[in-house]
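The structure appears below as C-alpha cells.
The values are calculated or read from the model by the stated rules, or taken from the named source; none is laboratory data. Model, not experiment: these values are computed from the prediction. Note that we place each Cβ from the backbone using ideal geometry, even for glycine, and neighbour counts take in every protein chain shown. Surface areas here come from the heavy atoms of the whole protein model, side chains and all, with no ligands, DNA or RNA. Shrake-Rupley method; radii C 1.70, N 1.55, O 1.52, S 1.80 Å.
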Amino acid sequence: MTKGRRAGSSRTAAALAVALASALAAIAFTTAGTAAPVSANKRACAFQLRIGDVLPFTGDLAAYGANLDRAVKQAVVLQNAALKKAGLRTSSVTLVGSEDGQTQASASVEAATKLIKVNKANVVIGEMASGATIPMAQSVTIPNNVLLVSPTSSAPQISVLRDKGLVFRAYPSDALQSKVLAGAALAKFGKGAKLNVGARNDAFGKALQALFVSEWKRLGGTVGASVSWNPEQANFDTDAGKLVDGDPAGWVIIDFPDTFEKFAPSLVRSGKWSADKTLGIEALRNAETLDKIGDPVKGLSGSAGSAAGGPAGKAFAAYWKKTVKGAKPYTGFEGTAFDAAMTAFLAAVRTCSASPAKMKAAMRAVSGPPGLKVTFQNLAAGVKAAAAGRDVNYEGAFSPVDFDKNGDIGSAVYEIWRYDGAGKIVTLRTITFRGT
C-alpha cells in the first residue's frame with residue numbers, strides 16, 4: 001500500500017469514527033428522555049411560540065379571569081427576557097389574544113376558534129370552568145391539533161378525554177377534592193351526619209356533587225336533599241327552599257361566585273340556613289364576592305386547591321404584589337395560569353419548535369424530574385439547558401406540576417378555609433396528596 005493510499009484510508013477511518021460517535025450520541029440522547037431531541041447549538045434553536053388565552057372576563061368566574069390573564073402576560077414577559085438572556089435571540093413568544101370565555105361552552109368554543117383560525121395560536125390557555133374547557137377541547141383544539149392547558153378545570157372526565165395527548169391542566173382533579181371535602185365534613189359534622197348537598201347544574205357541579213355524595217356515604221354519612229340549579233335562572237328561592245328542607249346537620253354547596261352571590265340571599269330568606277354550618281369549594285374562596293354578600297356568609301368554610309404546594313409559590317406572590325398594578329386582590333389561583341404558560345414555553349424550548357405535535361411530547365419531560373430545577377427566577381438557565389437538550393424540571397408557582405400520563409399534575413395541596421368577614425379568609429389546615 002502506498003503512502004498516499006494509507007493517508008486516504010486514515011482520513012476515511014477518521015470520518016467514519018466521527019460519524020459513528022455522532023450517531024451513538026444521538027441514539028443515547030433519544031433513549032434518555034421522553035422529548036424529541038433538539039440541537040445542542042443554542043443559536044440554531046429558533047421558534048415563534050404563539051399563545052392565546054380563553055378566560056372568564058365575564059360570567060360566573062369573572063372574579064378570577066382578569067387576574068389569570070395578567071398571569072399569562074407576566075409569563076410571556078419573563079419568557080422573552082429569558083430567551084434574550086440565554087442568547088436565543090431568534091426565538092420569541094407572543095400573546096396573540098386574550099378572549100372572554102364567559103365561563104360557558106359556546107363563548108369559549110367561539111373564542112378558541114378565533115385564536116386558532118385568525119390569530120394562529122399554537123397553544124391555548126383556558127378555560128377555567130370544566131363545562132367550557134371540555135367542549136372547547138373536543139370541538140376546537142383537539143381537531144385542530146393545538147395544545148390546550150387549562151389553569152383550573154377540575155372535572156375528572158378531562159383525565160380520560162380522547163385528546164391525542166394535547167390536553168393538560170395545572171389544577172388537580174375533583175377526584176381528589178371530593179375526598180378532601182368529605183374529610184372536612186367528617187371533621188365538622190361527625191360520622192353519620194345528614195347533609196344536604198347543592199350544586200350548579202353543569203359538568204363541574206354535577207361531577208363533584210356525585211363524587212362527594214359517594215365519598216360521604218363511604219365514610220358513613222347520609223344525604224338528605226340533593227339539589228341542583230341552573231346558574232342562568234332569574235330566581236333561586238325554590239331551589240334554596242329544597243336545599244334547606246329536612247333539618248340537616250349542615251350543607252355542602254358547589255357553586256361559582258357570580259351565581260352564589262345571587263343564591264345566598266335566597267338561602268338567607270328561608271330562615272333555615274346558616275353559613276357556619278356550610279362547606280363550599282375553591283371558587284367560593286373569594287373575599288371580594290363574600291364581602292358583597294356580607295354578614296350572612298361569615299363563618300362559611302370549605303376546601304380549595306392551594307398554592308402552598310408550589311415550590312415558587314411565595315416568590316411568585318411577592319413578585320406579583322411588587323410588579324402587577326391595578327389587579328384584583330391576589331387569590332393564589334394566578335399561579336395556575338402562569339404555570340400553564342411556563343410549561344408550554346419550556347416544551348417549545350426543549351424541542352426548539354412551536355409545533356404542538358412536538359411540544360406535547362415534551363410537556364412531561366420539562367415539568368418533572370430529573371433535571372435542572374427551574375422556576376421563573378432562574379428561567380434563563382432553564383432555557384439554556386433545555387435548548388441544549390438537557391433535562392429540566394419546572395417547579396411551579398401553584399404546584400410542582402409533574403404532569404402524569406393523563407396530563408394531570410402529579411401532586412396537590414388543599415386547604416380547609418374559613419371566611420371571617422371584612423375580606424379575611426383564614427387557612428385552618430392543609431392536606432397534601434402525592435402521586436395523583
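The listed residues are ALA105, ALA75, ALA112, ALA121, and the only one of them that is over 28 Å from GLY382 (Cβ atoms) and either open to solvent by less than 30 Å² (accessible area, probe 1.4 Å) or of a type in the set (Val, Ile, Thr) (or both) turns out to be ALA112. For ALA341, the requirement of being more than 22 Å from the chain's Cα centre (by Cα) and open to solvent by less than 20 Å² (accessible area, probe 1.4 Å) is not met. Looking for something surrounded by fewer than 20 Cβ atoms within 10 Å (Cβ to Cβ) and within 30 Å of MET342 (Cβ to Cβ) - is there at least one such residue anywhere in region 168-183? The answer is yes; a qualifying residue exists. Within region 389-436, being among the polar types (S, T, N, Q), open to solvent by 30 Å² or more (accessible area, probe 1.4 Å) and not in a strand (DSSP E or B) holds for ASN406, THR436.
To keep it simple, each residue is scored yes or no on (1) among the acidic types (Asp, Glu); (2) touching a residue at least 40 places away in the same chain (Cβ under 8 Å).
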{"site": "ALA315", "(1), (2)": "no, yes"}
{"site": "ALA318", "(1), (2)": "no, no"}
{"site": "GLU334", "(1), (2)": "yes, yes"}
{"site": "ALA340", "(1), (2)": "no, yes"}
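Mind checking whether some residue in region 158-167 is over 17 Å from GLY410 (Cβ atoms), open to solvent by less than 20 Å² (accessible area, probe 1.4 Å) and in contact with a Phe, Trp or Tyr (Cβ under 6 Å, 6 or more places away or on another chain)? No, that holds for no residue. Within region 265-292, the set of residues being open to solvent by less than 30 Å² (accessible area, probe 1.4 Å), out of contact with any strand residue (DSSP E or B) (no Cβ under 7 Å at 6 or more places or on another chain) and either without any contact (Cβ under 8 Å) to a residue 12 or more places away in the chain or within 22 Å of SER178 (Cα to Cα) (or both) comprises ALA275, ALA283, ASN286. Would you say THR94 is hydroxyl-bearing (Ser, Thr, Tyr), in contact with a Lys or Arg (Cβ under 8 Å, 6 or more places away or on another chain) and surrounded by fewer than 20 Cβ atoms within 10 Å (Cβ to Cβ)? Against the criterion (hydroxyl-bearing (Ser, Thr, Tyr), in contact with a Lys or Arg (Cβ under 8 Å, 6 or more places away or on another chain) and surrounded by fewer than 20 Cβ atoms within 10 Å (Cβ to Cβ)), THR94 qualifies.
Within region 298-337, being outside any helix (DSSP H, G or I) and either open to solvent by 20 Å² or more (accessible area, probe 1.4 Å) or farther than 29 Å from LYS188 by Cβ (or both) holds for LYS298, PRO311, ALA312, VAL324, LYS325, GLY326, ALA327, LYS328, PRO329, TYR330, THR331.
Residue count for region 131-176 satisfying the condition of being part of a helix (DSSP H, G or I), within 18 Å of ALA344 (Cβ to Cβ) and more than 15 Å from the chain's Cα centre (by Cα): 3. Among the residues of region 362-385, is any hydrophobic (A, V, I, L, M, F, W, C), assigned to a strand (DSSP E or B) and surrounded by fewer than 21 Cβ atoms within 10 Å (Cβ to Cβ)? Yes, because at least one residue in region 362-385 is hydrophobic (A, V, I, L, M, F, W, C), assigned to a strand (DSSP E or B) and surrounded by fewer than 21 Cβ atoms within 10 Å (Cβ to Cβ). Do we have any residue at all in region 254-262 that's among the aliphatic types (A, V, I, L, M), open to solvent by less than 70 Å² (accessible area, probe 1.4 Å), within 12 Å of ARG200 (Cα to Cα) and at pLDDT 95 or above? Among the residues of region 254-262, at least one is among the aliphatic types (A, V, I, L, M), open to solvent by less than 70 Å² (accessible area, probe 1.4 Å), within 12 Å of ARG200 (Cα to Cα) and at pLDDT 95 or above, which makes the answer yes.
GLY87 meets all of the listed conditions (1) touching a helix residue (DSSP H, G or I) at 6+ places or on another chain (Cβ under 6 Å); (2) crowded, with 23+ Cβ neighbours inside 10 Å but one, namely (2).
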